[in-house]
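S.K.: Here it is, the structure in full.
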Number of protein chains: 2
Amino acid sequence: MLDDPLSLTFAALADPTRRAILAQLRSGEHSVTELAGPFAMTLPAVTKHLKVLERAGLITRSREAQWRPCKLDAAPLRQVADWTAGYRQFWEGNLDRLDEYLTRLQARAEEPAEGPTESKGDTP
Amino acid sequence: MLDDPLSLTFAALADPTRRAILAQLRSGEHSVTELAGPFAMTLPAVTKHLKVLERAGLITRSREAQWRPCKLDAAPLRQVADWTAGYRQFWEGNLDRLDEYLTRLQARAEEPAEGPTESKGDTP
């Protein structure tokens with residue numbers, strides 16, 4: 001049931017270490033040892049995270065080089081962005097309403113306290 | 001460790017039923033019974049999903065009305081969109097490269113097979 005691609009992607013992203021690994025891979029390919037560097041984690045623990053990312057299609061691991069470098073594949077993140085876009089109107093709606101409210105507040109602050117003053121007669 | 005807001009949001013989204021509930025809430029507030037409607041699921045099962053969504057801040061439940069309607073809160077989805085935007089260049093990069101490749105292919109297809117034909121003279 002949770003094997004649909006989008007659920008796999010969201011589940012893979014629901015972990016700060018896995019998101020940090022993806023962030024590292026933005027600079028290019030890295031070996032498991034390089035990826036493990038910033039974490040107080042054993043290589044098997046990092047490998048486990050990589051398997052989750054690989055299963056979700058977020059990384060690919062080369063089968064050619066002996067060090068099997070990991071590479072970012074952003075295609076599933078595009079699906080996430082597309083899915084999220086369907087809700088954009090709701091958070092932008094909130095911001096619009098906040099914006100309207102602030103504009104109204106400002107307009108009220110700028111209003112003269114006792115109504116418009118009358119014209120004192122035209123210049124000749 | 002997995003209690004950071006972004007991990008909570010991603011974990012809540014890693015389920016097709018919960019995403020379907022959010023989709024239903026785009027049309028406005030709904031009761032649990034209404035939300036359960038489309039699913040072959042007991043009310044307690046739906047309530048469990050709602051609790052996960054509520055914990056991630058994706059829905060709020062009114063404490064006033066007796067039927068405690070659920071309401072979408074898209075703010076955490078904005079965080080998801082912002083996080084995903086950091087990877088946009090990678091999927092767009094792929095599309096750009098595909099686009100370049102297709103343009104090159106098309107240019108080659110349109111090239112005359114034996115070099116440009118010479119002008120046959122101007123019209124008088």
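The values are calculated or read from the model by the stated rules, or taken from the named source; none is laboratory data. Keep in mind that what you see is a predicted model, and the values were worked out from it rather than measured. We place every Cβ from the backbone using ideal geometry, glycine too, and count neighbours over all the protein chains shown. Keep in mind that these areas ignore ligands, DNA and RNA; they rest on the heavy atoms of the full protein, side chains included. Shrake-Rupley method; radii C 1.70, N 1.55, O 1.52, S 1.80 Å.
S.K.: Have a look at A:Ala12, A:Leu105, A:Ser62 and report the one farthest towards the positive end of the charge dipole of the stretch A:1-106, computed about the Cα centre with Cβ charges (Lys/Arg +1, Asp/Glu -1).
M.R.: Final value for the positive-end residue is A:Ser62.
S.K.: Then there's this: Any idea how far the Cα center of the stretch B:39-93 sits from the one of the stretch A:18-51, in Å?
M.R.: Answer, in whole Å: 29.
S.K.: Within the stretch A:34-102, list the chymotrypsin sites (Phe, Trp or Tyr not before Pro) lying in a DSSP loop whose Cβ has at most 15 other Cβ atoms in a 10 Å radius.
M.R.: Passing sites in the stretch A:34-102 are A:Phe39, A:Trp67.
S.K.: For a label point 7 angstrom out from the Cα of A:Gln79 toward its Cβ, which stretches of the stretch A:1-31 have the backbone nitrogen within less than 13 Å?
M.R.: A:2-13
S.K.: Another question about this same structure. Provide the net charge surrounding B:Trp83, with neighbours chosen by a C-beta distance below 14 Å and charges set as Lys +1, Arg +1, Asp -1, Glu -1.
M.R.: Every neighbour counted, the sum reads +3.
S.K.: Next question, about the same structure. By the scheme Lys and Arg +1, Asp and Glu -1, what is the net charge of all other residues having a beta-carbon under 12 Å from that of B:His30?
M.R.: Result for the neighbourhood of B:His30: +2.
S.K.: Taking the Cα-to-Cβ direction at B:Glu54 and at B:Gln89 and moving 7 Å from each Cα, how far apart do the two end points lie in nm?
M.R.: Taking the two extended label points, one gets 4.2 nm.
S.K.: Still on this structure: Quick check: with the 1.4 Å probe, what order do B:Thr17, A:Thr42, A:Thr47 take by accessible area, largest first?
M.R.: Highest to lowest solvent-accessible surface, that is A:Thr42, A:Thr47, B:Thr17.
S.K.: How far is B:Leu102 from the same spot in each other copy, in nm, shortest first, if each label point sits 7 Å from Cα toward Cβ?
M.R.: Spelled out, the distances from B:Leu102's label point are 4.0 nm.
S.K.: Same structure again: If you put a point 7 Å past Cα along the Cβ direction, how far is that point for B:Phe39 from the same point in each other copy, in nm, smallest first?
M.R.: When each copy's label point is compared with this one, the spacings are 3.0 nm.
S.K.: Mind checking which chain B residue has its Cβ closest to the axis relating B to A, and how many whole Å off it is?
M.R.: B:Phe10, 3
S.K.: Would you mind listing the distances between the B:Ala75 label point and the same position in each other copy? Use 7 Å along Cα-to-C-beta, nm, one decimal, shortest first.
M.R.: 3.7
S.K.: In debye, nearest 20: dipole of the stretch B:1-106 around its Cα centre with unit charges on the Cβ of K, R (+) and D, E (-)?
M.R.: The calculated dipole for the stretch B:1-106 is roughly 360 debye.
S.K.: Quick one: grab the alpha carbon gyration tensor of the stretch A:1-106, order the square roots of its eigenvalues as a ≥ b ≥ c, and give me rounded if a/c is under 1.5, else prolate or oblate depending on whether a/b is larger than b/c.
M.R.: Judged from the Cα gyration tensor, the stretch A:1-106 comes out prolate (a/c at least 1.5, a/b above b/c).
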